[in-house]
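*Asks:* Pasting a structure here, questions to come.
Throughout, read-outs are computed from the coordinates displayed, never taken from laboratory work. All of these numbers come straight from a predicted model, not from anything done at the bench. A quick note on method: Cβ atoms are made from the backbone with ideal geometry, for glycine too, and the neighbour counts reach across all protein chains shown.
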Amino acid sequence: MTNDLPDGGLPDGYEISTDPARLDAALIHRWLSQDAYWALGRVREKQDAAIAGSLNFGVYDLASGAQVGYARVVTDRATFAWLCDVYISREVRGKGLGTALADAVRDEMAPYGIRRILLATADAHAVYAKVGFEPLAEPGKWMALGLQ
């Protein structure tokens, strides 16, 4: 899967795939449990279950085949989608891969007619704004049940 962003799209030398067989689950777990503020300490079994129950996106270096990024979408492919666990390896940040990944998610979800894709971020608002994400228009309508 490749995509076309207004600012040039997926950088040369990389590809995005939704093929679950290509995912490096151990690497994804290490990234998220050790370097992602929202998932620090997440146990491998929990991460594997999250992968199994989601639509997953991997970003890969074409030259080496190595996975360099990840995102997952929790969705029913009809009415709801939540973009989460977006991570780009520190070694390749700053190349536009995060924006390309968010764009690929948006494009993959488009045929389903989902009214909104949600996400939460503490520090990457600008990345997601490039592909059309914006703050909730009426945040007072939304509620959350935090059990953990």
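*Asks:* From Val43, Val59, grab the single residue that is in contact with an Asp or Glu (Cβ under 8 Å, 6 or more places away or on another chain) and among the aliphatic types (A, V, I, L, M).
*Replies:* Working: Val43 fails: in contact with an Asp or Glu (Cβ under 8 Å, 6 or more places away or on another chain).
It is Val59.
Yes or no, residue by residue, for (1) in contact with a Gly (Cβ under 9 Å, 6 or more places away or on another chain); (2) within 26 Å of Glu134 (Cα to Cα):
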residue	(1), (2)
Gly9	yes, yes
Ala26	no, no
Ser54	no, yes
Gly65	no, no
Leu83	no, yes
Asp103	yes, yes
Asp107	no, yes
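*Asks:* Moving on to the next point. Is it true that some residue in region 64-74 is among the basic types (Lys, Arg) and closer than 28 Å to Pro11 by Cα?
*Replies:* yes
*Asks:* Tell me, yes or no, whether region 71-81 has at least one residue that is touching an Asp or Glu at 6+ places or on another chain (Cβ under 9 Å) and farther than 21 Å from Leu119 by Cα.
*Replies:* Taking every residue of region 71-81 in turn, none turns out to be touching an Asp or Glu at 6+ places or on another chain (Cβ under 9 Å) and farther than 21 Å from Leu119 by Cα.
*Asks:* Moving on. What is the residue count in region 12-24 for residues that are in a helix (DSSP H, G or I) and not aliphatic (A, V, I, L, M)? Spell out how you get there, then give the answer.
*Replies:* Start the filter on region 12-24 by keeping residues that are in a helix (DSSP H, G or I), which leaves 20-22.
Remaining after also requiring not aliphatic (A, V, I, L, M): 20, 22.
Residues that pass the stated criteria total 2.
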